[in-house]
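S.K.: The structure's right below; bear with me while I get my questions together.
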Amino acid sequence: MTDATIFRRLARLERAVRFRDYHLAELERRLANVVRVGTVHEVNPDGTARIKIGVDPDGKPVLTPPLPWTERAGVIKTWSPPGQGEQVRVVSPSGDIGQGWIDTGGFSTANPSPSDDAKAHVMTIGDVRITAKDGRCSIVQGDGEISIVGGVVTLKGLEIITDGKTRLNKGERKVHFVGAMDSGGDIAIVGADEVFV
């Protein structure tokens, strides 16, 4: 075998090794991108968000392209955009982040669980708290609360306003009807047309 033949074979072998090294590095990169944990950097009105998945050597955030987050879209449809700073997972089965999606969920130090009760289902939206536990349901916001326990609905608040007729105990009679006398002995000349007892 001549020196020229040996050099040609070595050159071919070197190209093959470089080619395999490139593909191995590409496979490792894609495998590392199958699931990435990050935080929401920005949310777009088109149902996509950009996720911070790291920091570059200059200290600037490494962001994904705009990716959709998962929602229910069948009989039950939801729209619940993730919040800025919320911890999420970017899932890219092929390892190509641009083809991935965002799975929300997962508590962090910055966004802890709203409850530590293993039997309660709790959702908070801003300062609104919805809790369901042991056949009880409540919605609380500030000084107002609606609770349902054993068929009893309780409304608490600084003021309760209804829009439309309000019937108490399936009532047919106006609460304050014309001609009725109040506790001060005054006769009513106008009735409460929308409230019945």
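S.K.: Considering the stretch 100-148 alone, what residues qualify as being of a type in the set (A, V, I, L, M, F, W, C), loosely packed, with under 12 Cβ neighbours inside 10 Å and over 24 Å from residue 48 (Cα atoms)? Walk me through how you get there before you give the answer.
M.R.: Taking the stretch 100-148 and keeping what is of a type in the set (A, V, I, L, M, F, W, C), we get 101-102, 107, 110, 118, 120, 122-123, 125, 128, 130, 132, 137, 139-140, 146, 148.
From what's left, loosely packed, with under 12 Cβ neighbours inside 10 Å: 107, 110, 118, 125.
Matches in the stretch 100-148: 118 only.
S.K.: What pairs can you find where one residue is in the stretch 105-116 and among the hydrophobic types (A, V, I, L, M, F, W, C), the other is in a loop (DSSP other than H, G, I, E, B) and loosely packed, with under 11 Cβ neighbours inside 10 Å, and their Cβ atoms are less than 6 Å apart, with a gap of 6+ or different chains?
M.R.: Taking only residues 6 or more apart or on different chains, the pairs are 107/113.
S.K.: Oh, and also: How many of the residues in the stretch 72-89 are out of contact with any Ser or Thr (no Cβ under 6 Å at 6 or more places or on another chain) and either touching a residue at least 40 places away in the same chain (Cβ under 8 Å) or farther than 28 Å from residue 30 by Cα (or both)?
M.R.: Residues flagged as out of contact with any Ser or Thr (no Cβ under 6 Å at 6 or more places or on another chain) and either touching a residue at least 40 places away in the same chain (Cβ under 8 Å) or farther than 28 Å from residue 30 by Cα (or both) within the stretch 72-89 amount to 12.
S.K.: Pairs under 6 Å by beta carbon, first residue assigned by TED's automatic domain parsing to the domain that holds residue 138 in the stretch 152-174, partner aliphatic (A, V, I, L, M) and in a strand (DSSP E or B), six or more apart or different chains?
M.R.: 155/146
S.K.: Considering the stretch 1-46 alone, what residues qualify as being closer than 30 Å to residue 85 by Cβ and of a type in the set (Ser, Thr, Tyr)?
M.R.: 39
The values are calculated or read from the model by the stated rules, or taken from the named source; none is laboratory data. If you're wondering where the values come from, they're calculated on a predicted model, not measured in any experiment. Quick reminder, even Gly has a Cβ in these numbers, built from the backbone with ideal geometry, and neighbours come from all protein chains shown.
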